[in-house]
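Comments concern the structure below.
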Amino acid sequence: MASIGEFERACENGTSVQEELLVGILRKNASTHYLQKFGSPQTPAAYKSQVPIVSYEDVAGEIERIASGDESPVLCQDPIICFFASSGTSSGKHKIIPVTAENMSATWRAVELSSAYKARCFPELGSGRVLGLYYCIDQFHTKAGILVGAGTTYTIKNYRSFSSKFTTPYEMIVSGSNWRELTYCHLLCGLIQRDAVEHIESMFAYTICESLRILESDWEEICNDIRTGSLISGKVTHAKLQEAFASLILDYNELDRVRNAEAITKICSRKSWSGILSLLFPRAKLVSTVVTGGMAHFVPELRDYAGVKLPISGKDYYSSEGVLGINTNPASPPEEVVFTILPHIMYHEFLPIGANNPAGEILAPHEVVVGQEYEIVITNFAGLYRYRVGDVVKVSSFFHGVPQLAFSHRKNAVLSVQNEMVDEQELQNVVMEVSKDSGIEVANFTAYGNSTAVPAHYVIFWELKRREGIKRELLERCCSSIDRSFNPGYTGKRLDGVIDSLELVIVREGTFERLMEEAVRNGTSPAQYKTPRCVTSPRMLEALESGRVQSYKSGEMPRSVLESWEPSFPQGSAS
């Protein structure tokens with residue numbers, strides 16, 4: 001179903017489409033071991049009363065059985081063609097999510113539908129090239145020989161059409177090389193073909209911003225490599241990357257390369273890099289990437305790089321479990337991006353959050369309330385039944401009868417040292433507001449709840465775009481402002497002395513790049529990496545502490561803070 005008209009008619013009949021989908025899944029998988037444990041329900045009502053809501057840990061045993069070679073229908077009737085490995089950046093642990101052919105087919109239908117909306121919003125996009133900042137990591141096999149890897153890696157390696165318009169040759173992307181070397185090659189190849197690039201794309205906004213920071217440090221070497229038609233800079237050492245570049249550069253004559261290098265040099269020598277993407281890629285019509293959740297922090301930086309003429313379009317809502325929603329209005333500003341659920345792709349339920357759900361009820365899509373937050377629960381074609389994805393969303397509106405969702409935060413990504421809770425959305429809102437008010441540009445940040453200290457306290461790590469000229473007094477005020485901006489559950493315990501003063505740690509430039517490298521070493525694909533906003537991993541904490549250059553403690557907490565506290569609204573929500 002790639003037709004917009006068909007999809008919107010399905011949305012108008014969302015309740016019946018969802019029920020038909022669920023019944024189809026239940027009938028097909030009635031003989032699976034998992035559903036038989038709960039009486040193999042065949043109707044939506046029986047399903048909801050007999051099958052429990054589960055998390056990954058509840059079905060990890062069944063997934064391990066399949067991975068180890070059990071060929072009986074453990075979770076689903078169809079064979080498992082591969083496992084998608086989650087990024088692990090939120091929990092610190094990788095999960096392996098089963099995938100079937102039907103599951104992949106559903107995902108591609110969603111991709112085609114999303115492309116149809118994008119083509120409608122941006123009809124000027126044609127046959128030009130795409131600077132696609134994507135990466136592949138090593139895949140491996142389970143004991144039973146089933147492939148395990150990142151979803152992006154699987155897609156690139158198994159669907160060559162996905163990367164057919166990329167400026168970076170396929171052989172480079174799948175080389176399995178160091179992510180920084182491949183980023184250098186992405187930039188190098190994109191700039192060689194800069195007059196043909198009409199679309200700049202990555203999975204996450206962070207990836208584009210980090211790539212441009214690398215360009216800021218390496219543009220002279222890139223220009224020399226373009227000018228000479230060889231990798232004389234020494235920045236690329238991987239043999240497969242060198243071979244692919246040697247093949248690519250044959251298509252460009254020396255005179256064109258020299259002129260191109262001179263033009264890039266002139267652009268990159270500018271004092272201000274505001275609007276640099278439009279200057280480097282004069283035919284570019286769109287930047288496309290995820291801009292919600294933890295990526296919202298990078299939107300101001302990305303918008304500055306893009307300039308006023310180059311629109312930024314928010315990508316869809318993907319997870320290892322499938323497509324949770326698409327952006328049906330790709331032209332909407334990043335701050336207003338919401339996701340429309342696809343009633344024909346997977347079965348959705350919504351678990352109200354906290355005090356909104358004293359009876360523990362779970363709601364169907366048509367029962368949710370605009371403005372309320374819910375945890376997403378899905379049932380899909382690959383054997384996940386009433387499965388908690390772990391994401392919290394806010395219902396923004398309805399689209400032809402189905403809810404549109406604003407991503408809020410990962411449920412397990414919270415700071416808590418004394419039974420209070422500050423989730424990643426609140427943390428991000430506070431950091432963005434304080435940094436904006438102070439005029440300080442925070443390149444990246446994360447936090448840690450130090451519960452072993454007495455009293456326990458929060459530690460916030462900031463990497464600044466520029467540390468020069470920032471006075472200590474200003475950073476001390478920022479530290480106290482952050483401390484006083486959290487919710488009453490936190491500030492009340494600060495006033496009682498149960499939680500100690502907040503610590504703001506400034507880390508040296510490149511610390512968060514090392515944090516990413518640590519995650520990549522641990523198996524995370526660079527394409528899927530998201531900076532964890534709440535760190536628990538000892539190795540990541542060690543990487544952060546190794547970059548410490550300054551630290552500040554917040555001042556005394558005034559009681560007036562509780563009286564004046566107002567919540568900041570998360571991105572995409574109604575205020």
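Table for the structure above
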read-out: Enumeration of residues in the stretch 105-114 that are open to solvent by 10 Å² or more (accessible area, probe 1.4 Å) and not basic (Lys, Arg); value: SER105, THR107, TRP108, VAL111, GLU112, SER114
read-out: Residue within the stretch 502-518 that is out of contact with any helix residue (DSSP H, G or I) (no Cβ under 7 Å at 6 or more places or on another chain), open to solvent by less than 60 Å² (accessible area, probe 1.4 Å), at negative phi and of a type in the set (Gly, Ala, Ser) present; value: no
read-out: Residues satisfying the stated conditions in the stretch 529-560, i.e. of a type in the set (Val, Ile, Thr), open to solvent by less than 60 Å² (accessible area, probe 1.4 Å) and farther than 22 Å from ARG472 by Cα; value: THR531, VAL535
read-out: Residues that are more than 15 Å from GLY190 (Cα to Cα) and either of a type outside the set (Lys, Arg) or part of a helix (DSSP H, G or I) (or both), drawn from the stretch 232-245; value: ILE232, SER233, GLY234, VAL236, THR237, HIS238, ALA239, LYS240, GLN242, GLU243
read-out: Pick from the stretch 155-171, criterion assigned to a helix (DSSP H, G or I) and open to solvent by less than 40 Å² (accessible area, probe 1.4 Å), ranking: nearest to ASN103 (Cα to Cα); value: THR155
read-out: Matching residues, the stretch 29-68, being on the phi > 0 side of the Ramachandran plot and surrounded by fewer than 16 Cβ atoms within 10 Å (Cβ to Cβ); value: GLY39
read-out: Count of the stretch 231-250 residues which are open to solvent by 40 Å² or more (accessible area, probe 1.4 Å), touching a helix residue (DSSP H, G or I) at 6+ places or on another chain (Cβ under 9 Å) and closer than 19 Å to GLU171 by Cα; value: 6
read-out: Matching residues in the stretch 172-197 - criterion: being farther than 15 Å from ARG283 by Cβ, β-branched (Val, Ile, Thr) and either free of Cβ contacts under 8 Å to residues at least 24 places away in the same chain or open to solvent by 10 Å² or more (accessible area, probe 1.4 Å) (or both); value: VAL174
read-out: Matching residues, the stretch 408-425, being open to solvent by 30 Å² or more (accessible area, probe 1.4 Å) and touching a residue at least 60 places away in the same chain (Cβ under 8 Å); value: ARG410, ASN412, VAL414, GLN418, MET421
read-out: From ILE214, ILE226, ILE200, residue being closer than 21 Å to TYR134 by Cβ, open to solvent by less than 10 Å² (accessible area, probe 1.4 Å) and assigned to a helix (DSSP H, G or I); value: ILE214
read-out: Residue check, VAL290 within 26 Å of ASN327 (Cα to Cα), among the β-branched types (Val, Ile, Thr) and crowded, with 19+ Cβ neighbours inside 10 Å; value: yes
read-out: Options ILE326, ILE341, ILE376: the member that is in contact with a Gly (Cβ under 7 Å, 6 or more places away or on another chain), of a type in the set (Val, Ile, Thr) and modelled with pLDDT of 95 or more; value: ILE341
read-out: Residue match in the stretch 508-525 (condition: among the β-branched types (Val, Ile, Thr) and either within 19 Å of the chain's Cα centre (by Cα) or more than 27 Å from PHE486 (Cα to Cα) (or both)); value: yes
read-out: Which listed residue, of GLY492, GLY497, is surrounded by fewer than 14 Cβ atoms within 10 Å (Cβ to Cβ) and either assigned to a helix (DSSP H, G or I) or at pLDDT below 90 (or both); value: GLY497
read-out: Residue match in the stretch 365-380 (condition: in contact with a strand residue (DSSP E or B) (Cβ under 6 Å, 6 or more places away or on another chain), open to solvent by less than 40 Å² (accessible area, probe 1.4 Å), among the aromatic types (Phe, Trp, Tyr) and under 21 Å from GLU12 (Cβ atoms)); value: no
read-out: Looking only at the stretch 418-444, and only at residues there that are of a type in the set (D, E, K, R) and in contact with a Phe, Trp or Tyr (Cβ under 9 Å, 6 or more places away or on another chain), the one that is farthest from THR511 (Cα to Cα); value: GLU420
read-out: Among residues of the stretch 264-321, those that are under 20 Å from the mean Cα position of the chain (by Cα) and in a loop (DSSP other than H, G, I, E, B), counted; value: 7
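The values are calculated or read from the model by the stated rules, or taken from the named source; none is laboratory data. All of these numbers come straight from a predicted model, not from anything done at the bench. Heads up, the Cβs are rebuilt from the backbone with ideal geometry, glycines too, and the neighbour counts pull from every protein chain shown. Each accessible area value is taken on the protein alone, full model and side chains, heavy atoms only, with ligands, DNA and RNA left out. Shrake-Rupley method; radii C 1.70, N 1.55, O 1.52, S 1.80 Å.
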